[in-house]
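Step one of this worksheet: look at the structure below.
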Amino acid sequence: MRYALISDIHANLPALDAVLVDIDRRGDADAIYHLGDLVGYAPWPDDVVTRLEERAIAGVAGNYDSTVATNYKHCGCRYEDPLQEELSHKSYAWTLEHVSEETKRRLGALPFRIDLRPLGGHASGPTLTLIHGNQILNTVYVTEDRSDDFLTKMGQSIGARPGDVVAFGHTHKPWHRIVDGTHYVNTGSVGRPKDGDWRAGYVLVSIDPSGVRVEIRRIEYDVEGAVSAILDSTLPHEFAHYLRSGGASLSAAV
Ligand SMILES: [Fe+2]
């Protein structure tokens, strides 16, 4: 089985569509799943949720999804300075104001975690676990600099064994590491990368009896279209520059 894993779309419809075109063009993915954070920061929250529904793409709840769905007091995002905090609050308020009740309902219905058994559940075999942050909260950042010990404890808590794959997003920076035989895969971000590369990111995970293969992909999309739409909206203009620079123009705020 080969899975296309798409995460942190953040209401960026042009980025999502470009990724879906790439997946379709390759034609080698057996299934597509999302890893949450469908909304926030860009002006197409309802359209992104509808597109995933149209394509029957299932997935898990990111912090932005669960906080919007429950009208929480903030988006569960981390910010490193007062400007980021202010912009983050503006994005959250804008999103709460602009999503439909149907979108909220769909976001609220997302599961926290999905376990897949690529070789079937009728026999022992590898498991692919999908979460947004970590196994306890969708707000925890599993960054590339986390220690092997941290990942081992995370894997044990999940119940992962050698040969299993644990996939998550939330940090908007893709990476892949194997610790004690378990694969830890951060799927990066479709619609709001933070690693200095503006292109939309997603990951292909192949699991078969011979083992696991992980391919991190970056896809060009109509970023200027997204920039124009943000500038034409009442969202903070900083988010447009953020997309153009792949997150380099503003260091954090997820
Ligand atoms: Fe996110």
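The values are calculated or read from the model by the stated rules, or taken from the named source; none is laboratory data. Here the structure is a predicted model, which is why all the values come from computation and not from measurement. Virtual Cβ from ideal backbone geometry, glycine too; neighbours counted across all protein chains shown. When the accessible area is computed, the model is the full protein with side chains, heavy atoms only, and any ligands, DNA or RNA have been set aside. Shrake-Rupley method; radii C 1.70, N 1.55, O 1.52, S 1.80 Å.
Within the straight-line cut-off of under 17 Å between alpha carbons, the aspartates and glutamates reachable from K153 are E144, D145, D164, D180, sequence neighbours fewer than 8 places apart in one chain being disregarded.
Only Cα pairs under 8 Å and 6+ residues apart enter the sum, and on that basis the relative contact order of the chain stands at 23 percent. The calculated FRET efficiency for R177 paired with H237, based on their beta-carbon distance and R0 = 41 Å, is about 0.65. Among the protein heavy atoms, those of V203 account for about 0 Å² of accessible surface (1.4 Å probe, every chain in place). Taking all protein chains together, S147, S189 sort by accessible area into S147, S189, largest first [probe 1.4 Å].
Straight-line reach from K173: taking Cα to Cα under 17 Å and skipping same-chain neighbours fewer than 8 places apart, the lysines in range are K194. With the cut-off at 1.5 for a/c, could you classify the chain from its C-alpha gyration tensor as rounded, prolate or oblate? Judged from the Cα gyration tensor, the chain comes out prolate (a/c at least 1.5, a/b above b/c).
Annotation for region 43-77 versus region 132-176: alpha-carbon center distance of 21 Å. Rounded to the nearest 500, the helix-only mean residue ellipticity at 222 nm of the chain stands at -10000 deg cm²/dmol, with each DSSP H run of n ≥ 4 adding -39,500 (n - 2.57). Note on A248 and T50: the model spin-label points, each 7 Å out from Cα along the C-beta direction, lie 3.5 nm apart. Measuring with a 1.4 angstrom probe and ignoring ligands and nucleic acids, E224 comes out at about 80 Å² accessible.
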